[in-house]
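The values are calculated or read from the model by the stated rules, or taken from the named source; none is laboratory data. Just so you know, these numbers come straight off a predicted model, no measurement behind them. Positions of Cβ are generated from backbone atoms using ideal geometry, with glycine treated the same way; all protein chains shown enter the neighbour counts.
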Amino acid sequence: MRSKIVAGNWKMNKNAAETEALLTELAAKLPDTNAQVMVAPTFVNLAGAVRSLESSVIQVIAQNMHFAESGAYTGEISADMLLGIGVETVILGHSERRAYFKEDDAILAQKVKAALDKNMKVMFCFGEELEDRKSGNHFNVVESQLKNALFSLDASAWSSIILAYEPVWAIGTGETASPEQAQEMHAFIRKTITDAYDASIAGNVSILYGGSVKPANAKEIFGKPDVDGGLIGGASLKADDFVAIIEAI
Ligand code: PEP
């Protein structure tokens, strides 16, 4: 059975005091839910967030990590460093990492492998650009992103993978994929995984939708059968909005 998940990607927002304040508010307002709730503060606030949420079910996850174990990689963070502060899940492949930091499929494949080798869970993000959708190439792009970064994994690794389909044209733009567009792509992703592995792996992996999810549209998107939750950017920075999105699931 796959899990329902709502995750907040805080990106490069919130200093230490603001992080603490938002987490306190979130923990206090968290509704009763069967969904897993996750937040991804910046690296410097991860350890504090883990401490603040010690008695909460909200999980703290990282926005990125490096593929190397350790070494001369100035400014980077390893899997062991995350595990050492109690962070067991990492977002990899976010479109902003791909676009601004030139993380391509080959780098992401290394990062995924490094995280899984350390028994971390990976929330793998992928999705097409606007031109791909306009030219009708979106299914091919998504298929190749999955294939290049994930399809050489052993079948057993898939229990540690969460997918987040995030059409780039919908991230931070206010433009959302329609619930039908999201469902169509999520069903395609499941079929692609069925073809590469089998129906059980495809049926058990959680596939989140990300891209301008807000309280006003969350319920309709989450209502689609192949959408298992959301990766939320902007709307996860306000406790009331994030809570409303959690309630929608
Ligand atoms: C994201 O960055 O993963 C995201 C979905 O952002 P937003 O919700 O702001 O579009």
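Looking at Ile189, Ile221, Ile201, Ile232, can you tell me which residue is closer than 24 Å to His138 by Cα, within 11 Å of the ligand (Cβ to nearest atom) and of a type in the set (Val, Ile, Thr)?
So the residue among Ile189, Ile221, Ile201, Ile232 that is closer than 24 Å to His138 by Cα, within 11 Å of the ligand (Cβ to nearest atom) and of a type in the set (Val, Ile, Thr) is Ile232.
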(request) Could you tell me whether segment 217-238 includes any residue that is at pLDDT below 95 and surrounded by fewer than 23 Cβ atoms within 10 Å (Cβ to Cβ)? (result) no
(message) Could you tell me how many of the residues in segment 170-183 are buried (at least 16 other Cβ atoms within 10 Å of the Cβ) and either within 9 Å of the ligand (Cβ to nearest atom) or part of a helix (DSSP H, G or I) (or both)?
(response) 7
(request) Return a yes/no flag: does segment 195-216 have any residue that is assigned to a helix (DSSP H, G or I), among the acidic types (Asp, Glu) and over 20 Å from Lys147 (Cβ atoms). (result) no
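One line per residue, one yes/no per condition, for (1) acidic (Asp, Glu); (2) within 17 Å of the chain's Cα centre (by Cα); (3) closer than 23 Å to Leu108 by Cα:
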position	(1), (2), (3)
Ala149	no, yes, yes
Ala164	no, yes, yes
Ala170	no, yes, yes
Thr173	no, no, no
Glu180	yes, no, no
Met185	no, yes, yes
Phe188	no, no, yes
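Across segment 93-104, what is the number of residues that are crowded, with 18+ Cβ neighbours inside 10 Å and out of contact with any Leu (no Cβ under 6 Å at 6 or more places or on another chain)?
6
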(message) Residue under question is Gln145, and the condition is that it be among the polar types (S, T, N, Q) and touching a Pro at 6+ places or on another chain (Cβ under 9 Å); does it hold?
(response) no
